[in-house]
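The values are calculated or read from the model by the stated rules, or taken from the named source; none is laboratory data. Model, not experiment: these values are computed from the prediction. All Cβ positions, even for glycine, are placed from backbone atoms using ideal geometry, and neighbour counts span all protein chains on display. Areas reflect the complete protein model, heavy atoms only, side chains present, ligands, DNA and RNA absent. Shrake-Rupley method; radii C 1.70, N 1.55, O 1.52, S 1.80 Å.
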Amino acid sequence: MTMMTNRRAVLAGLAGASAMLSLGMSARAQQKIVLRLSSPATPTDQRALGLINHFGPAVSAFADFQPHWNAILFKQGTELEAISRGNLEMSIASAQELSTIFPQWSIFTAGYLLRSAEHQKNVFASDVMTPMKQMVEDKLGVKLISVMYLGKRHVNLRSDKEIKTPADLAGVKLRMPPSESWQFLGKALGANPLPMAFPELYTALQVGAIDGQDNPLPTVRDSKFYEVTKQIVLTAHLVDWNFLTLGKKVWDKFTPDQQKIVQKAADDACEAARQAQLKLESELEAFMKEKGLKVYAPDLNAFRTTVQKAYLESKFAKDWPAGMVDKINAIPG
Ligand code: KDO
């Protein structure tokens, strides 16, 4: 064999081997069920880290977890419909998004109802939740597989004017996420709510298109809102939760053993994220102060009383299942 033919033979052999290799790899990849998740969360948010570090690896033998952050795949609030239509497999849904489709769900958007991360977990696992989850699965084809703790939402403003009661928020352009129930919460707090998608917030605060926003401390840190605001009023008006969702048709493709693995992976990821989020919340008041922000509690009694009254008298409360507020209040945590 000449030097030339020898080289050709080697190259041909290499090409053949690499073709076989990539064929083998893609055949294997094809067998895996692709799980694309879309969320407006940043990739450094604790919920994202929980999923990246604990969910993806735990299901990797049979599923290919592909998360997309910063709402690059689907706009905030459109994910549930995308899953329902079979265009997406997973999302991190809010009770507010669910309440746009199922009015009963607005009970879970009420200010000062849930008390803690533990309370959320217990409510999610309780009988109260069973028919609520079932209606989402039956009518939308979406399974709520686990509960995520986003944290206690506080008011975060550009101005440093002291806020003691809801009356002090009069005329304040407070960005709230886009949907009717979120806007209602902003109004109940005494502010002038304005809908805006999460990824637009930093710039809107920077240029003064809004006077403030509400989110838990870990989100304020992660999205660097502290760079463009002057104070955090510790209103704790909503112990916010999200739900890890998975299309029912996708879930049904898994074998019963795989379903057990997916469920455990989801619960482990959400628990890791919850613990990380709680730890951050306990540390971040000091961090915000170091960054020069004023951080203080307002008259919490005034906020709680005003907000709870607004909800109980609202049109939303008419759709709440009878007796459910009392049942939620009685759940420990
Ligand atoms: C937000 O838009 O302020 C919010 O915090 C609302 C939450 O329910 C949730 O959708 C969250 O955004 C996103 O996951 C981005 O962090």
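Residue 112 meets the stated requirement of being away from the ligand (no atom under 16 Å from the Cβ), crowded, with 19+ Cβ neighbours inside 10 Å and aromatic (Phe, Trp, Tyr). For the range 88-104, does any single residue satisfy the condition of being without any contact (Cβ under 8 Å) to a residue 60 or more places away in the chain and polar (S, T, N, Q)? No, the range 88-104 has no match at all.
Out of 76, 120, which single residue is open to solvent by less than 20 Å² (accessible area, probe 1.4 Å), touching a residue at least 40 places away in the same chain (Cβ under 8 Å), within 17 Å of the chain's Cα centre (by Cα) and closer than 23 Å to residue 180 by Cα?
Numbers: 76 fails: open to solvent by less than 20 Å² (accessible area, probe 1.4 Å).
Checking each option against the conditions leaves just 120.
I need a count of the residues in the range 48-66 that are touching a helix residue (DSSP H, G or I) at 6+ places or on another chain (Cβ under 6 Å) and crowded, with 16+ Cβ neighbours inside 10 Å.
The qualifying residues number 7.
Please verify whether the range 124-135 includes one or more residues that are within 16 Å of the ligand (Cβ to nearest atom), modelled with pLDDT of 95 or more and buried (at least 22 other Cβ atoms within 10 Å of the Cβ). No, there is no match, as no residue in the range 124-135 is within 16 Å of the ligand (Cβ to nearest atom), modelled with pLDDT of 95 or more and buried (at least 22 other Cβ atoms within 10 Å of the Cβ).
The residue that is surrounded by the fewest Cβ atoms within 10 Å (Cβ to Cβ), among those in the range 206-238 that are among the aliphatic types (A, V, I, L, M) and within 14 Å of the ligand (Cβ to nearest atom), is 210.
Out of the range 159-180, which residues are open to solvent by 60 Å² or more (accessible area, probe 1.4 Å), within 16 Å of the ligand (Cβ to nearest atom) and either charged (D, E, K, R) or on the phi > 0 side of the Ramachandran plot (or both)? Once the filter is applied, which keeps residues that are open to solvent by 60 Å² or more (accessible area, probe 1.4 Å), within 16 Å of the ligand (Cβ to nearest atom) and either charged (D, E, K, R) or on the phi > 0 side of the Ramachandran plot (or both), the range 159-180 yields 173, 180. Do the conditions hold for residue 197, that is, is it more than 15 Å from the ligand (Cβ to nearest atom), among the aliphatic types (A, V, I, L, M) and over 26 Å from residue 289 (Cβ atoms)? Against the criterion (more than 15 Å from the ligand (Cβ to nearest atom), among the aliphatic types (A, V, I, L, M) and over 26 Å from residue 289 (Cβ atoms)), residue 197 does not qualify.
When each of 61, 95, 41 is tested for being touching a Ser or Thr at 6+ places or on another chain (Cβ under 6 Å) and at pLDDT 95 or above, the lone residue that passes is 95. Figure legend. Inter-residue proximity from the range 155-177: first residues under 28 Å from residue 77 (Cβ atoms) and modelled with pLDDT of 95 or more, second residues among the hydroxyl-bearing types (Ser, Thr, Tyr) and not in a loop (DSSP other than H, G, I, E, B), beta-carbon distance below 6 Å, spacing 6+ or different chains. Indicated pairs: 155/235; 166/306.
Checking the range 100-108 against the condition returns a match, with at least one residue being of a type outside the set (S, T, N, Q), within 16 Å of the chain's Cα centre (by Cα), assigned to a helix (DSSP H, G or I) and within 12 Å of the ligand (Cβ to nearest atom). Among the numbered conditions (1) open to solvent by 10 Å² or more (accessible area, probe 1.4 Å); (2) among the hydroxyl-bearing types (Ser, Thr, Tyr); (3) within 12 Å of the ligand (Cβ to nearest atom), the only one that residue 203 does not meet is (3).
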